[in-house]
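The values are calculated or read from the model by the stated rules, or taken from the named source; none is laboratory data. Remember, predicted model here, so these are calculated numbers, not experimental data. Using ideal geometry, Cβ is built from the backbone for each residue, glycine included, and neighbour counts are taken over all protein chains shown.
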Amino acid sequence: MLPTVHFYPDHRKIQVRSGTTVLDASSKARVQIRTRCDGKMACLMCKVIIEDQTGLSPMKNHEKLKLGELVDSGYRLACQACVIGDTNVTVPEDPLKAVIRALLAKQREEDEF
């Protein structure tokens, strides 16, 4: 049976072969994870949050070094984390989208008064 990857907050799921990276799984599920380096661990933009790491391959030292303190908060690099079992992946909001969303919310509040 193929492992299932659930992506949040998009609420999409996909079954993939064991050994597929989270980045590749996201692409197949049409979930956008930002990256500039095409999965070569150079840009560090593909950070995702994994609460239960048992569905992913163990983290290698070079990924730990790149993530630093974020490791303790459940972060992984989607280009390095390989699916080996069912797992839930939270894709953090794009920082630019977060700023735009906050500005729009502030504008709506001002328009209401």
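So Glu109 fits all but one of (1) surrounded by fewer than 12 Cβ atoms within 10 Å (Cβ to Cβ); (2) at pLDDT 95 or above; what number is the exception?
Condition (2) is where Glu109 drops out.
For segment 34-52, state whether one or more residues are polar (S, T, N, Q) and surrounded by fewer than 12 Cβ atoms within 10 Å (Cβ to Cβ).
No, segment 34-52 contains no residue that is polar (S, T, N, Q) and surrounded by fewer than 12 Cβ atoms within 10 Å (Cβ to Cβ).
Can you pull out the residues in segment 27-46 that are at pLDDT 95 or above and basic (Lys, Arg)?
If the condition is that a residue be at pLDDT 95 or above and basic (Lys, Arg), then Lys28, Arg30 are the ones that fit.
Being assigned to a loop (DSSP other than H, G, I, E, B), farther than 17 Å from Gln80 by Cα and hydrophobic (A, V, I, L, M, F, W, C) is the filter here, so list the residues in segment 1-30 that pass it.
Once the filter is applied, which keeps residues that are assigned to a loop (DSSP other than H, G, I, E, B), farther than 17 Å from Gln80 by Cα and hydrophobic (A, V, I, L, M, F, W, C), segment 1-30 yields Met1, Leu2, Ala29.
Got at least one residue in segment 67-83 being surrounded by 13 or more Cβ atoms within 10 Å (Cβ to Cβ), among the hydroxyl-bearing types (Ser, Thr, Tyr) and within 10 Å of the chain's Cα centre (by Cα)?
Yes, there is a match, as at least one residue in segment 67-83 is surrounded by 13 or more Cβ atoms within 10 Å (Cβ to Cβ), among the hydroxyl-bearing types (Ser, Thr, Tyr) and within 10 Å of the chain's Cα centre (by Cα).
Which one is farthest from the chain's Cα centre (by Cα), of the residues in segment 36-47 that are within 14 Å of Val91 (Cα to Cα) and either in a loop (DSSP other than H, G, I, E, B) or free of Cβ contacts under 8 Å to residues at least 24 places away in the same chain (or both)? Before you say what the answer is, go through the steps one by one.
Restricting attention to segment 36-47, the residues satisfying the condition of being within 14 Å of Val91 (Cα to Cα) are 44-47.
Next, only the ones that are either in a loop (DSSP other than H, G, I, E, B) or free of Cβ contacts under 8 Å to residues at least 24 places away in the same chain (or both) stay: 44-46.
Numbers: Leu44: 11, Met45: 9, Cys46: 6 Å.
The extreme case among them is Leu44.
In segment 72-107, what count of residues is obtained for those that are closer than 21 Å to Gly19 by Cα and not acidic (Asp, Glu)?
Taking segment 72-107 and keeping what is closer than 21 Å to Gly19 by Cα, we get 74-91.
After this cut, where a residue has to be not acidic (Asp, Glu) as well, the list is 74-85, 87-91.
Total satisfying the criteria: 17.
Out of curiosity, is Ile33 within 18 Å of Gly85 (Cα to Cα), touching a Leu at 6+ places or on another chain (Cβ under 7 Å) and in contact (Cβ under 8 Å) with a residue 40 or more places away in the chain?
Spelling it out, it is not the case that Ile33 is within 18 Å of Gly85 (Cα to Cα), touching a Leu at 6+ places or on another chain (Cβ under 7 Å) and in contact (Cβ under 8 Å) with a residue 40 or more places away in the chain.
Before we move on, is Leu23 surrounded by fewer than 18 Cβ atoms within 10 Å (Cβ to Cβ), touching a residue at least 24 places away in the same chain (Cβ under 8 Å) and aliphatic (A, V, I, L, M)?
So Leu23 fails the test.
With respect to Glu63, determine if the residue is among the charged types (D, E, K, R), farther than 21 Å from Arg12 by Cβ and surrounded by 15 or more Cβ atoms within 10 Å (Cβ to Cβ).
Against the criterion (among the charged types (D, E, K, R), farther than 21 Å from Arg12 by Cβ and surrounded by 15 or more Cβ atoms within 10 Å (Cβ to Cβ)), Glu63 qualifies.
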